[in-house]
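Report on one structure; see the data block that follows.
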Amino acid sequence: MKISKPITIHQRSFKSISDHSSDALDPDCLFVQTTLNKRFHHTISQNQSIHQDQLYQHFTLPAHIIGITGTNGKTTTAALIAHILLSHHYKVALLGTRGFFINGEQKRLKGLTTPTVLELYALLEEASDCDFFVMEVSSHAIAQNRIASIPFAAKILTNITSDHLDFHQTLQEYIRIKNSFFDDNSIQIINSDEPNASIQTKTTYGIKNQADFFAQNFSISPSISAQIHSPTSSTSLTLKMCGLHNLYNVLAAITCISKLTPLSLEQISHSLLSFVGVEGRMEILSTTPLIIVDFAHTDDGMKKILESFEGQKIVVVFGAGGDRDKSKRPKMGHIADQYALKIYLTSDNPRSEDPQVIIDEIAQGITNQHKIISRNPDRFASIQEAIHNLQPDEILFVLGKGDEQYQIIQDQLIPFDDREVIRSVLESTQTTKKDNL
């Protein structure tokens with residue numbers, strides 16, 4: 001990777017930098033020792049290498065870096081923080097599953113939630129004149145030390161529930177990794193209602209348990225309204241979003257902004273009036289009938305979405321990813337069984353696995369098998385059938401992919417967007433109705 005200015009180390013000047021051992025053949029290239037390339041460390045001259053923990057000394061970084069981790073809520077919390085800051089004329093970079101943005105303009109398309117070490121530092125330097133750099137931090141990135149020695153101003157924990165056990169092996173290890181992110185002197189902002197959090201020195205936000213920042217007298221459907229309290233003040237909040245999980249996300253964002261800026265609760269709350277949500281996160285595609293798309297791809301993620309509409313007639317279309325944590329599949333089925341009236345099981349990035357096997361594993365968690373309307377690996381056909389059969393008093397949730405624009409089948413990325421499928425089916429349905437008049 002070419003760098004904007006040479007790095008001088010070991011009395012040598014390097015014009016490029018890489019974590020690939022093959023690039024060490026170039027005398028002008030500095031080799032970065034990372035957690036992932038340990039096996040090559042001994043083969044590279046110490047006069048031509050630097051450890052990843054030293055990188056921060058050689059890059060120009062933004063003034064304040066905010067890291068957000070958690071099983072669910074990272075993307076929305078990051079977007080909320082960026083929106084508030086931009087509304088008050090701060091310069092802001094945003095990095096996560098949706099891509100890389102500077103002051104609202106997309107600079108990079110989607111990639112890893114948290115990039116590799118060198119790519120991350122390159123993005124940090126690209127945004128070096130920003131007041132804030134807001135980033136999502138995945139459990140993989142923590143375990144692989146991709147966020148090596150980054151001087152975070154604040155870190156946020158949204159929640160910790162089961163996910164990525166294909167990588168972490170056990171829930172206990174996953175919990176340990178998430179908590180290990182907070183082993184530094186940054187401002188640590190923690191969900192007080194998360195039982196798996198074990199951070200000692202912290203600023204808290206919450207709803208059920210005592211917290212520094214908390215909500216009272218709230219409503220979560222069809223939109224959010226609440227009274228928000230801090231240690232020094234309180235204000236009313238209205239937001240064009242719904243769901244208890246989003247109230248938690250808002251509290252996390254408000255807490256972070258309050259700790260890092262002089263903005264008052266009232267100023268923060270006012271700026272949230274113009275926030276309309278994040279693409280693919282509780283995104284309403286149709287109001288009549290009501291059809292909602294969300295990225296929820298774990299049992300806890302599904303629960304957080306569906307519980308906000310408990311007592312209503314819920315129809316859900318979903319699947320589970322192939323070559324990923326298999327333990328969550330029946331748990332996702334159980335949540336669908338608990339909240340939904342009708343269930344359409346289908347594919348969601350089956351990768352190398354047989355999609356029918358994945359569907360059957362999800363179905364094992366569904367006690368009332370009569371709720372399963374279909375077990376069809378064809379996601380388009382499943383969404384189409386669900387819309388065609390949807391009654392006026394039912395709500396359809398299409399879960400798992402959010403704003404993703406592809407299906408991963410075997411090793412191929414096949415163009416597929418739930419939202420475009422829904423719009424297409426609705427349009428053809430309306431055209432058919434007109435033709436039959």
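Normalising the average separation of contacting C-alpha pairs (under 8 angstrom, six or more residues apart) by the number of residues puts the relative contact order of the chain at 11 percent.
Quick check: from the Cα gyration tensor, does segment 331-389 come out rounded (a/c under 1.5), prolate or oblate? Oblate is the answer for segment 331-389, as a/c is 1.5 or above yet b/c matches or exceeds a/b. Cut-off under 20 Å on the C-alpha distance; same-chain residues fewer than 8 positions from Lys178 excluded. Which aspartates and glutamates are left, in chain and number order? Straight-distance partners of Lys178: Asp53, Glu136, Asp163, Asp166, Asp193, Glu194, Asp299, Asp300, Asp325. When a/c is below 1.5 the answer is rounded, else prolate if a/b is larger than b/c, else oblate, so apply that to segment 249-313 with a ≥ b ≥ c taken from the square roots of the Cα gyration tensor eigenvalues. Verdict is prolate for segment 249-313. Within a Cβ distance under 14 Å of Thr43, other residues only, what is the Lys/Arg minus Asp/Glu net charge? Net charge around Thr43: 0. Taking amide H atoms as placed 1.01 Å from N in the peptide plane, the amide H of Phe133 lies under 5 Å from those of His64, Ile65, Ile66, Ala93, each 5 or more residues away in sequence or on another chain. With Rg and Dmax of the Cα atoms in Å in mind, check [x] 21.3, 67; [y] 23.1, 82; [z] 25.6, 93 and report the label derived from this structure. Structure-derived value, by its label: [y].
Between beta-carbons, use under 13 Å as the cut-off and find the net charge around Glu420, counting Lys and Arg +1, Asp and Glu -1.
-3
Once the Cα atoms of helix 328-339 and of the chain are each reduced to a long axis, what angle between those two axes, in degrees from 0 to 90 to the nearest 10, is obtained? Helix 328-339 sits at roughly 40 degrees to that axis. Once you reduce segment 174-197 and segment 336-376 to the center of their Cα atoms, the two points are 33 Å from each other.
Can you tell me, using C-alpha contacts under 8 Å and at least 6 residues apart, the relative contact order of segment 335-431 as a whole percent? If you can, show how the numbers build up before the last one.
Working: 114 pairs, mean separation 28.1, N = 97.
Answer for segment 335-431 is 29 percent.
Listed from fewest to most Cβ neighbours within 10 Å, the set His89, His64, His297 follows the order His89, His64, His297.
All of the numbers you see were taken from the coordinates with simple rules; none came from a lab. Source: prediction; values computed, not measured. FYI the Cβ positions are ideal-geometry reconstructions off the backbone, even for glycines, and counts take in every protein chain you see.
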